[in-house]
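Taking it in order: structure first as structure tokens, then the write-up.
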Amino acid sequence: MSTISEQDYVFNPTWVKETERLRTNEAIWDPGTFERMDRLGVAAGWRCLEVGAGSGSVACWLADRTGPTGRVLVTDLETRRLVERQETGWSLADLPQVEVRRHDVRTEEFPAETFDLIHARMLVQHLPDRADVVARMVRALRPGGLLFLEDTDSSTLFRSSHSEDFLQDIRAAGYGLMRQSGHDPRGGHVDLQLLLAAGLETTAEGRAVMVRGGSDQARHYMLWLEFMRSRITTAGLVDDARIELALEEMADPANHWLSQVMISTVGRKPVPEGDSAR
Ligand SMILES: C[S@@+](CC[C@H](N)C(=O)[O-])C[C@H]1O[C@@H](n2cnc3c(N)ncnc32)[C@H](O)[C@@H]1O
């Protein structure tokens, strides 16, 4: 199995706390994603592709919504979390309408002109070859199919009534290093431009979440900082004592802060003249 280099993807899929980091991320973003998928009309029988599925909550929602007559292809570089039976006693891969596939979206094709819906959240913003990845997803859409990308603008992260500079040194250090590993802090804006350039009929909107210290959502940011900690201190950006204090601030229910803005971009692939689409 290939490994992912730091230049390609900033997080380590085999880190001991990566499953918890992914699940707490789902706790922040899933409600808004499901609401938007509902509005898009995802329904029984749809053929869907979930790319970079992580811990699989969106893929589960799609499998449930599309039902036994649907088809959901679920991909990631690391599929262990998607196929292992977890605390529920069943795994996504047990569902007949689901196929879990190890797949590298940077280099491997999908079946052409197949899917009614392709979704990827917090994936494209990490990949240096974004335009190629989006072109590959567009090829996999059937005419009239929807490409739904969700990536962030990180400029709002940790904005708080607490103080003007609440955790801003931590944000600047962590996101500065992520940028060196290929992450784009304005990834959601880039998605919009890429879908327009691909000739899709495109709309976009943003959402942010208020996070309370000590919550599951706050835990996600604590795990992000734990993961980035040694890189931040080795680079001399922030010292250990400051990181300890930041972790305490994130654990304190008296603190509230704003998440990144999640930009949801939806593009419809044109239907050639004379053809009919769903
Ligand atoms: C930040 S996580 C987001 C997970 C999930 N989409 C979510 O929002 O809950 C990014 C995911 O993309 C996967 N990934 C990274 N590079 C990839 C690639 N080149 N091809 C497929 N998946 C990739 C990672 O393994 C990870 O599961």
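The values are calculated or read from the model by the stated rules, or taken from the named source; none is laboratory data. Values in this document were obtained by computation on a predicted structure and should not be read as measured data. Quick reminder, even Gly has a Cβ in these numbers, built from the backbone with ideal geometry, and neighbours come from all protein chains shown.
For beta carbons closer than 8 Å, sequence separation of 6+ or different chains, a first residue in region 240-257 that is under 17 Å from residue 165 (Cα atoms) and a second that is aromatic (Phe, Trp, Tyr) and modelled with pLDDT of 95 or more, the qualifying pairs are 249/166; 250/221; 255/166; 257/158; 257/166.
Residues in region 213-228 that are polar (S, T, N, Q) and not in a helix (DSSP H, G or I): 215 alone. Does residue 237 satisfy the criteria of being part of a loop (DSSP other than H, G, I, E, B), touching a helix residue (DSSP H, G or I) at 6+ places or on another chain (Cβ under 9 Å) and among the aliphatic types (A, V, I, L, M)? In short, yes. Among the numbered conditions (1) out of contact with any helix residue (DSSP H, G or I) (no Cβ under 9 Å at 6 or more places or on another chain); (2) basic (Lys, Arg); (3) buried (at least 23 other Cβ atoms within 10 Å of the Cβ), the only one that residue 121 does not meet is (1). For region 13-58, filtered to residues that are at pLDDT 95 or above and aromatic (Phe, Trp, Tyr), the residue that is farthest from residue 99 (Cα to Cα) is 29.
Which residue is farthest from the ligand (Cβ to nearest atom), if the candidates are limited to region 71-86 and must be crowded, with 22+ Cβ neighbours inside 10 Å and modelled with pLDDT of 95 or more? The extreme case among them is 72. Residue 119 falls short on exactly one of the conditions (1) part of a loop (DSSP other than H, G, I, E, B); (2) near the ligand (Cβ under 9 Å from one of its atoms), and that condition is (1). Any chance region 205-222 includes a residue that's farther than 24 Å from residue 122 by Cα and either among the basic types (Lys, Arg) or touching a residue at least 12 places away in the same chain (Cβ under 8 Å) (or both)? Scanning region 205-222 turns up no residue that is farther than 24 Å from residue 122 by Cα and either among the basic types (Lys, Arg) or touching a residue at least 12 places away in the same chain (Cβ under 8 Å) (or both). Restricting the search to strands (runs of 3 or more DSSP E) fully inside region 1-113 and requiring at least 1 residues that are in contact with a Cys (Cβ under 8 Å, 6 or more places away or on another chain) gives 71-76.
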